[in-house]
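K.L.:
This structure is in structure tokens; I'll ask about it shortly.
The values are calculated or read from the model by the stated rules, or taken from the named source; none is laboratory data. Remember, predicted model here, so these are calculated numbers, not experimental data. Please note: Cβ atoms are built from the backbone with ideal geometry, for glycine as well, and neighbour counts cover all protein chains shown.
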Amino acid sequence: MPEDTVREVLEAISASRLLPVVVIDNIKAAIPLATALKNGGLRCVEITLRTGAAEVALRTMAEDHDLMVGAGTVLDCHQVDLALNAGARYIITPGFNPEVVRHCQASSVPVFPGVATATDIQAAMNAGLDAVKFFPAEPLGGIAMLEALAAPFSMMKFIPTGGISAANVAGYLHHPAVFAVGGSWMVARHLLEAGDFAAITELTAEAMRLADGGRDIDQEGWPYGIT
Ligand code: 3PG
């Protein structure tokens, strides 16, 4: 992946500050889901490789050039290759696996591995990363835990994910160490199963309003010097 494309990915995530986490069971939902997210104002989405439909859904949505589609729940190098082959522009993993991170770096694709401890963060730093997923954010202690972990690692930025909703997203986004927030509330599996794309658009639009409310002007353009 050329460097300017990597920059494009990071710019899109920096701008949106929200990453909807999708668990998709039906490939027929892929196109209406893409439309629903765009109608709600979002341009980024993470498709988790947890279902039989995920690879085809990822491939279908990645063909939409108005969306920046990444793969989530990527657990090994084979899945990195599968995701890249399907058109994923970035990789998200639940934990820190150095082999997977190296493989992503060798493929020049942005990777955001999950961290839950200071040890994980140091491992990510040693791998040359400056942005990670903080997972699972709420069960780990939420903003208080993030604050405590961020303090000694001022160079590291986070995508908190796990247990976040409209009720607490703005608080996370106000934290200067937060790069973007991930969550499934606006693309809940039951809404996808029910084909309720109007609700997905409504929840996405609400989330985007809340995200903008949590935007700190000083953070704009972070973390890659994008302005
Ligand atoms: C996940 O990997 O499932 C994400 O962390 C989403 O978590 P959430 O469903 O609590 O938003």
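K.L.:
Identify the residue in region 155-174 that is assigned to a loop (DSSP other than H, G, I, E, B) and closer than 22 Å to Val111 by Cβ and, among all such residues, is farthest from the ligand (Cβ to nearest atom).
P.N.:
Checking each candidate, the answer is Met155.
K.L.:
If a residue has to be surrounded by fewer than 23 Cβ atoms within 10 Å (Cβ to Cβ), within 16 Å of the ligand (Cβ to nearest atom) and not small (Gly, Ala, Ser) to count, how many in region 175-191 make the cut?
P.N.:
4
K.L.:
Within the set of pairs 6 or more residues apart or between chains, which connect a residue that is closer than 15 Å to His174 by Cα inside region 130-144 to a residue that is outside any strand (DSSP E or B) and away from the ligand (no atom under 12 Å from the Cβ) with Cβ atoms less than 6 Å apart?
P.N.:
Correct list of pairs: Ile143/Gly171.
K.L.:
Further question: Looking only at region 46-68, count every residue that is among the aliphatic types (A, V, I, L, M), more than 12 Å from the ligand (Cβ to nearest atom) and either closer than 20 Å to Ser108 by Cα or at pLDDT below 95 (or both) and tell me the total.
P.N.:
4
K.L.:
What helices (runs of 4 or more DSSP H) lie completely within region 1-89 and have 1 or more residues being touching a residue at least 24 places away in the same chain (Cβ under 8 Å) and under 18 Å from Phe112 (Cβ atoms)? So that I can check it myself, show each step before the final result.
P.N.:
On the way: elements: 3-16, 30-39, 54-62, 77-85.
Per the criteria, 3-16, 54-62, 77-85.
K.L.:
Name the pairs: first residue in region 149-172 and in contact (Cβ under 8 Å) with a residue 60 or more places away in the chain, second residue within 11 Å of the ligand (Cβ to nearest atom) and in a loop (DSSP other than H, G, I, E, B), Cβ to Cβ under 6 Å, at least 6 apart or on different chains?
P.N.:
Thr161/Phe135
Residues checked against (1) farther than 15 Å from Leu42 by Cα; (2) away from the ligand (no atom under 15 Å from the Cβ):
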{"position": "Glu138", "(1), (2)": "yes, no"}
{"position": "Gly142", "(1), (2)": "yes, no"}
{"position": "Ala194", "(1), (2)": "yes, yes"}
{"position": "Met208", "(1), (2)": "no, yes"}
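K.L.:
Of the conditions (1) away from the ligand (no atom under 16 Å from the Cβ); (2) touching a Leu at 6+ places or on another chain (Cβ under 9 Å), Glu8 clears all except one; give me its number.
P.N.:
(2)
K.L.:
Can you tell me which residue in region 144-154 is surrounded by the most Cβ atoms within 10 Å (Cβ to Cβ), limited to those that are among the aliphatic types (A, V, I, L, M) and more than 16 Å from the ligand (Cβ to nearest atom)?
P.N.:
Within region 144-154, the first condition is being among the aliphatic types (A, V, I, L, M), and the residues that meet it are 144-146, 148-151.
From the residues that got through so far, the ones that are more than 16 Å from the ligand (Cβ to nearest atom) too are 144, 148-151.
Details: Ala144: 9, Ala148: 11, Leu149: 21, Ala150: 19, Ala151: 10.
Going through the qualifying residues, I end up with Leu149.
K.L.:
Looking only at residues in region 104-118 that are surrounded by 21 or more Cβ atoms within 10 Å (Cβ to Cβ) and of a type outside the set (A, V, I, L, M), which one is farthest from Phe134 (Cα to Cα)?
P.N.:
Among those that are surrounded by 21 or more Cβ atoms within 10 Å (Cβ to Cβ) and of a type outside the set (A, V, I, L, M), it is Cys104.
K.L.:
Here is a list of conditions, (1) part of a loop (DSSP other than H, G, I, E, B); (2) in contact (Cβ under 8 Å) with a residue 60 or more places away in the chain; (3) within 29 Å of Arg209 (Cα to Cα); (4) not acidic (Asp, Glu), and Ser108 meets all of them except one; can you say which number that is?
P.N.:
(3)
K.L.:
In the set Ala71, Ala88, which member is within 15 Å of the ligand (Cβ to nearest atom) and under 12 Å from Val109 (Cβ atoms)?
P.N.:
Ala71
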